[in-house]
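To keep things clear, I will list the structure first and then write my remarks on it.
The values are calculated or read from the model by the stated rules, or taken from the named source; none is laboratory data. Owing to the predicted nature of the structure, the values given are computational and were not obtained by experimental measurement. We place every Cβ from the backbone using ideal geometry, glycine too, and count neighbours over all the protein chains shown.
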Amino acid sequence: MLQEPLRITADLRESLKQALILEEDVLTLVQAAPREPMAGPNRDFKVRGALPVPRLMDPETAELRVLEVHVRPLGGEGWEIYAIDGLEGFSE
């Protein structure tokens, strides 16, 4: 569980909005899912999980989408979600 603040980049916020995914759901996923360290000098990590996503053509139904969320440290100011794999095909 991350104790420091966690934020989402502005570009990703727009992508999540287009995909009809709530930011709160992504933040909860990052808090709850097991972390997988990424290669590199930073403490970057990724988490995987499935979220229910409303279907664009039928928003009353949803499908589970597996997302891979990439997180990096912000130099003592918390953490930032900077990439999410699995959003492809959700633009309007």
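A few remarks follow.
- Residue that is surrounded by the most Cβ atoms within 10 Å (Cβ to Cβ) [pool: residues in segment 1-38 that are of a type in the set (S, T, N, Q) and not in a loop (DSSP other than H, G, I, E, B)]: Ser15
- Answer from Ala33, Ala19 - the residue that is among the small types (Gly, Ala, Ser) and either farther than 16 Å from Val69 by Cβ or touching a strand residue (DSSP E or B) at 6+ places or on another chain (Cβ under 6 Å) (or both): Ala33
- Filter result for Ala83 (under 13 Å from Arg7 (Cα atoms) and among the small types (Gly, Ala, Ser)): yes
- Matching residues, segment 39-57, being among the aliphatic types (A, V, I, L, M) and not in a strand (DSSP E or B): Ala39, Leu56, Met57
- Boolean, Leu64 is assigned to a strand (DSSP E or B) and exposed (fewer than 13 other Cβ atoms within 10 Å of the Cβ): yes
- Pairs are defined by a Cβ separation below 8 Å, a sequence spacing of at least 6 or placement on different chains, a first member in segment 48-60 that is within 26 Å of Ile81 (Cα to Cα) and modelled with pLDDT under 95, and a second member that is part of a strand (DSSP E or B) and acidic (Asp, Glu); the pairs so defined are Pro52/Glu63; Val53/Glu63; Arg55/Glu63.
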